[in-house]
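Structure first, commentary second.
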Amino acid sequence: MELEKSERPWGRYEVLQESATHKVKCIWVSPGKRLSYQRHAKRAEHWFIVQGSGEITIDGVIKSISPGETVDFGIGVLHRISNTGDQEIIFVEVQTGTYFGEDDIERVEDDFGR
């Protein structure tokens, strides 16, 4: 089975592994871009920052993020990452929960009108 790859207005992602209990993605965020401010009803996420620096917003609190750092978002927690640097941010995302579809995204704010 071919694992999913997707281009997005902010960068791209590739699914590395998928099962009934988890999903693992590698995500690239282009300089100057950010993901939508979002939350999920059926999954939690753990991010490990591999490359690049930027800002993470968690329920309205903004903090800097850099390589080697991790961050966790529980189910229903608003979150986003912004690339404020001059190189791509790369991070690995591990999703756990009961459902991992792209339609389990509630976007509160989005730079690309989605």
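Here are some notes:
- Among the residues examined, Ile75 does not qualify as surrounded by fewer than 12 Cβ atoms within 10 Å (Cβ to Cβ), more than 12 Å from the chain's Cα centre (by Cα) and at pLDDT 95 or above.
- Close Cβ contacts (under 9 Å, 6 or more residues apart or on different chains) running from residues in the range 21-44 that are within 11 Å of Glu106 (Cβ to Cβ) to residues that are polar (S, T, N, Q) and crowded, with 17+ Cβ neighbours inside 10 Å comprise Tyr37/Thr57; His40/Gln95.
- From the options Ile49, Ile62, Ile81, Ile58, residue that is surrounded by 13 or more Cβ atoms within 10 Å (Cβ to Cβ), over 11 Å from the mean Cα position of the chain (by Cα) and free of Cβ contacts under 8 Å to residues at least 60 places away in the same chain: Ile58
The values are calculated or read from the model by the stated rules, or taken from the named source; none is laboratory data. In this text, all values refer to a predicted model and were calculated from it rather than measured experimentally. Reconstructed Cβ throughout: ideal geometry from the backbone, glycine too, with neighbour counts over all protein chains shown.
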